Amino acid sequence: MTQIKITTTILALVFIFAQVSWLPLSAQTAEPYPAPPANEQAKKPKRVLTPEEKAEKAQRRICKVQICGIFASRKAQGADIDCPIVKTWREEDIEDIISGGKLDWPWGKAQCTTQLKLKRDVLAAAAGEDGTTAKLDTLTIACSLDLKSDGKSYDVKVDMTPEVTFRGGRAVSAQINWGAIDAPLLAYSVIWPGAKLDNSLNILGGQVVKMTNEFMGRKCAALK
């Protein structure tokens, strides 16, 4: 795999995990690429979660329920959100993310973690009718890729400080605000220019707006 493909994969994982955490969406429902035709989906065997995957999913659901509860009640009084978020991708999941399964993945699974901290009053204000800009605390997302060839791991840490503007209870603009990056030089040399470009041109802001509104609407409703 070339340097570009490696670092593009890492960026994709970090961005999708950012959606999993601070929005927070389930990676199984986020579709950064078009879904395959129905006949191809039917060929895939039913996913059986491992005990670890079940625990991760259950923890993410607890966090999503808390956030959706604040959106629904709009009550600023109460506990803030403070959730550990963990997401493990299997090899086949990563192949689907980066190229619809057409690119071989020479490594093993990937796991990303963060501690999600959200102010309750910020979330309550975001659900209201008055316009507001919600600037979240800085998130540090750590991703580890298993190397099948030698048993070592490829570790990357990325900071981001998301900012979303709401009007009428819906997101209307957003900025990821990429920060510090801790990664091996080969990865850093590509990840940082991409993050710097997004900070300047806000390339991914539209995706953040779309998925924030999807979460606040349909996905929160599904948890009731």
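A crude spin-label estimate for the pair residue 180 and residue 121, with each label 7 Å from Cα along the Cβ direction, gives 2.8 nm. Proximity of backbone amide H atoms, modeled 1.01 Å from N, is registered between residue 108 and 146, 147, 148 at under 5 Å, excluding neighbours fewer than 5 places apart on the same chain. If R0 equals 22 Å, the separation of the Cβ atoms of residue 196 and residue 172 corresponds to a calculated FRET efficiency of about 0.35. Straight Cα distances below 15 angstrom link residue 119 to the aspartates and glutamates 80, 82, 137, 163, with same-chain residues fewer than 8 positions distant left out.
As a rough guide to protection, the peptides 70-82, 160-172, 45-57 ranked by mean Cβ packing within 10 Å, highest first, stand as 160-172, 70-82, 45-57.
Note that the range 157-164 has calculated 3J(HN,Hα) couplings of 10, 9, 9, 8, 10, x, 9, 10 Hz, one per residue in order, obtained from phi through the Karplus relation 6.51 cos²θ - 1.76 cosθ + 1.60 (θ = phi - 60°); glycine and proline are x.
Counting only other residues whose beta carbon sits under 14 Å from that of residue 182, what net charge do I get with K and R as +1, D and E as -1?
Working: positive: 157; negative: 155, 159.
Counting the neighbours of residue 182, the net charge comes to -1.
For the listed residue pairs 87/219; 135/157; 75/157; 117/157; 46/210, the alpha carbons are over 24 angstrom apart in 75/157; 46/210. Backbone phi angles across the range 63-79, fed through the Karplus curve with coefficients 6.51, -1.76 and 1.60 (θ = phi - 60°), yield HN-Hα couplings of 5, 5, 4, 4, 5, 5, x, 5, 4, 6, 7, 6, 8, 7, 8, x, 6 Hz in residue order; Gly and Pro are listed as x. Suppose R0 equals 41 Å; then what is the FRET efficiency for residue 159 and residue 46 from their Cβ-Cβ distance, rounded to the nearest 0.05? Calculated value: 0.65. Computed from backbone phi, the HN-Hα couplings of the range 119-125 come to 6, 4, 5, 5, 5, 5, 5 Hz, rounded to whole numbers (Karplus: 6.51 cos²θ - 1.76 cosθ + 1.60, θ = phi - 60°; Gly and Pro given as x).
Rule-based calculations on the coordinates, nothing more; no lab input. None of the values given here were measured: they were computed from a predicted structure. As a convention, Cβ positions derive from the backbone with ideal geometry for all residues, glycine included, and neighbour counts pool all protein chains shown.
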